[in-house]
1. Along the charge dipole of chain A, Cβ charges K/R +1 and D/E -1, which of A:42, A:17, A:61 sits furthest on the positive end?
2. Between rounded, prolate and oblate, where does the range B:2-71 land on the alpha carbon gyration tensor, with a ≥ b ≥ c its root eigenvalues, rounded for a/c under 1.5, else prolate if a/b exceeds b/c?
3. Per 0.36 nm of contour for each residue apart, how much would the distance between residue B:70 and residue B:8 grow if the chain were fully extended, relative to their Cα-Cα spacing?
4. Would you mind listing the distances between the residue B:1 label point and the same position in each other copy? Use 7 Å along Cα-to-C-beta, nm, one decimal, shortest first.
5. In nm to one decimal, list the spacings between the residue B:33 label point and its equivalents in the other copies, with label points set 7 Å along Cα to Cβ, shortest first.
6. Dividing the convex hull volume of the alpha carbon atoms of the protein assembly as shown by its residue count, what do you get in Å³ per residue?
7. By per-residue mean of other Cβ atoms within 10 Å, what is the highest-first order of A:37-45, B:52-60?
Number of protein chains: 2
Amino acid sequence: MIVNKLKDLREKKMKQSVKSEDWTQEGLAKRLGVTRQTIISMEKGTYNPSLVLAFKIAHEFRVTIEDIFEYRDDKIES
Amino acid sequence: MIVNKLKDLREKKMKQSVKSEDWTQEGLAKRLGVTRQTIISMEKGTYNPSLVLAFKIAHEFRVTIEDIFEYRDDKIES
DNA sequence: TTTAAATGTAAAGTTTACTTTACGTTAATT
DNA sequence: AATTAACGTAAAGTAAACTTTACATTTAAA
């Protein structure tokens with residue numbers, strides 16, 4: 001499974017951005033070329049972005065994919 | 001668009017692996033939990049892996065996603 | 001306290017990643 | 001030269017990412 005820090009990062013950006021740059025779900029969605037629904041579903045963890053979208057997101061936040069997304073093995077360890 | 005070094009990296013591994021560890025398309029596919037078709041299509045660039053699969057691949061090669069996959073902007077710059 | 005902006009939810013449709021099957025080609029080994 | 005392992009192709013089906021639409025809830029500001 002994949003866990004992500006999308007919501008936290010975006011909300012942080014919203015607070016920090018002095019000039020009220022657009023870090024709303026809608027603003028981010030537009031810059032990424034996806035719909036707001038896509039942002040919502042990713043923040044909720046309902047589904048994972050494609051690799052292309054993951055790259056775009058990382059670029060928007062100016063970090064690496066690994067900074068936002070983390071892969072966790074699901075294998076049972078009894 | 002996304003370009004990847006999958007084929008090069010895998011072939012390099014095949015040559016380097018002294019003990020003939022399984023770096024064939026089939027061997028890699030099995031360890032990744034996908035089919036050989038998936039490996040072929042990715043090496044050809046027919047389609048991009050999901051983020052989950054990209055993570056698994058990076059883990060197999062013991063590198064980061066960015067070491068294997070590169071995102072290139074498609075926007076026209078005339 | 002009303003209005004509007006931002007967020008959330010749900011469901012049906014499209015696109016793309018990925019599977020399955022089956023067969024053809026190349027390269028290495030005997 | 002014949003066999004086999006590895007690679008390549010094609011096509012139809014399934015699963016998951018992503019869109020579209022529409023409406024409901026929360027939050028902030030007038």
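1. Most positive-ward Cα: A:17.
2. prolate
3. Between residue B:70 and residue B:8, full extension yields 20.9 nm more.
4. Going from nearest to farthest copy, the values are 3.7 nm.
5. 3.0
6. Given the Cα convex hull of the protein assembly as shown, per-residue volume reads 150 Å³.
7. Per-residue Cβ counts within 10 Å, averaged per peptide and sorted highest first, yield B:52-60, A:37-45.
Read the figures in this text as sums done on the coordinates, not as results from a lab. The structure displayed is predicted, hence computed values, not measured ones. Here Cβ is always computed from backbone atoms with ideal geometry, including for glycine, and neighbour counts include all displayed protein chains.
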